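Engineer: Quick one: the structure is below, questions incoming.
What follows is calculated from the coordinates using simple rules that are stated; it is not laboratory data. Values in this document were obtained by computation on a predicted structure and should not be read as measured data. Neighbour counts run over all protein chains shown; Cβ positions are idealised from the backbone, glycine included.
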Ligand code: SF4
């Protein structure tokens with residue numbers, strides 16, 4: 001087999017225990033099947049940004065088109081510092097020559113779409129993208145991106161595979 005192509009991936013999907021609760025979200029399609037063909041470039045925005053494991057869970061609040069990243073109970077607002085971090089991380093990723101990215105669905109950092117955005121009272125205001133995924137898509141508008149949930153659909157999976165190996 002020739003040289004493997006490089007794909008970015010939310011690190012918890014590889015089985016690394018980096019989630020806020022100390023767990024992982026290993027996805028067998030990613031670790032058992034795709035790993036034969038792909039060199040992973042793992043990114044965990046929350047850990048690399050400096051938050052520990054375990055850590056307080058965060059969610060998105062405010063304007064769904066430009067949401068804020070807030071810890072759920074203590075209401076610490078990480079938005080501005082995280083935006084600086086994600087910008088620098090995306091510049092750094094340009095050197096990797098990635099052929100695509102697989103994001104963790106539903107995450108306020110990694111979710112590429114459909115992440116719940118809340119108001120002050122915990123009411124739903126709509127959905128948006130996690131801060132890292134949003135910046136990544138802006139920096140690499142032509143790269144194929146998916147999340148692990150969508151990749152469970154055979155058609156989505158086939159289209160993604162065609163695009164990354166094209
Ligand atoms: S979803 Fe993203 S930020 Fe959360 S644990 Fe996984 S890689 Fe880290």
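Engineer: Roughly how far apart, in whole Å, are the Cα centres of region 1-75 and region 137-166?
Structural biologist: When both Cα centres are located, 17 Å separates them.
Engineer: Let me ask another. Most exposed first by the Cβ proxy, i.e. fewest other Cβ within 10 Å, how do 94, 146, 116 rank?
Structural biologist: Taking fewest neighbouring Cβ atoms as first place, the list is 94, 116, 146.
Engineer: Can you tell me the length gained on complete extension of the stretch residue 157 to residue 81, counting 0.36 nm per residue apart and subtracting the Cα distance?
Structural biologist: 24.0 nm
Engineer: Can I ask one more? Distance in nm between label sites at residue 73 and residue 127, each 7 Å beyond Cα in the beta-carbon direction?
Structural biologist: About 2.8 nm separates the two model spin labels.
Engineer: Based only on other Cβ atoms within 10 Å, what is the fewest-to-most ordering of 25, 4?
Structural biologist: 4, 25
Engineer: A further question follows. Classify region 1-148 from the C-alpha gyration tensor, please: rounded if a/c falls under 1.5, else prolate or oblate depending on whether a/b exceeds b/c.
Structural biologist: prolate
Engineer: Over the chain, what relative contact order in percent results from Cα pairs under 8 Å that are six or more residues apart?
Structural biologist: Relative contact order for the chain comes out at 21 percent.
Engineer: Using R₀ = 22 Å, calculate the FRET efficiency as 1/(1 + (r/R₀)^6) where r is the Cβ-Cβ separation of residue 6 and residue 55; round to 0.05.
Structural biologist: So the FRET efficiency works out to roughly 0.20.
Engineer: May I ask you to sort 103, 160 by Cβ crowding, counting other Cβ atoms within 10 Å and putting the fewest first?
Structural biologist: Neighbour counts put them in this order, fewest first: 160, 103.
Engineer: Let me make sure I get this right: for region 4-82, a, b and c are the square roots of the gyration tensor eigenvalues over alpha carbons, sorted descending. Under 1.5 in a/c it's rounded, otherwise prolate if a/b > b/c, else oblate. Which is it?
Structural biologist: Judged from the Cα gyration tensor, region 4-82 comes out prolate (a/c at least 1.5, a/b above b/c).
Engineer: With r as the distance between the Cβ atoms of residue 39 and residue 142 and R0 = 22 Å, compute the FRET efficiency 1/(1 + (r/R0)^6) and round to 0.05.
Structural biologist: Computed FRET efficiency for residue 142 and residue 39: 0.65.
Engineer: If you don't mind, another one. When a/c is below 1.5 the answer is rounded, else prolate if a/b is larger than b/c, else oblate, so apply that to region 78-166 with a ≥ b ≥ c taken from the square roots of the Cα gyration tensor eigenvalues.
Structural biologist: Note, shape of region 78-166 comes out oblate.
Engineer: Still on this structure, please answer the following. Once you've got the GNM for the chain with C-alpha springs shorter than 10 Å, pick whichever of 81, 19, 11 has the biggest mean-square fluctuation.
Structural biologist: Taking springs between Cα atoms under 10 Å, the residue moving most is 81.
Engineer: Turning to a different aspect of this structure: With springs connecting C-alpha atoms under 10 Å apart, model the chain as a Gaussian network and identify which of 117, 47, 156 has the largest mean-square fluctuation.
Structural biologist: Comparing 117, 47, 156 in the GNM, the peak value goes to 156.
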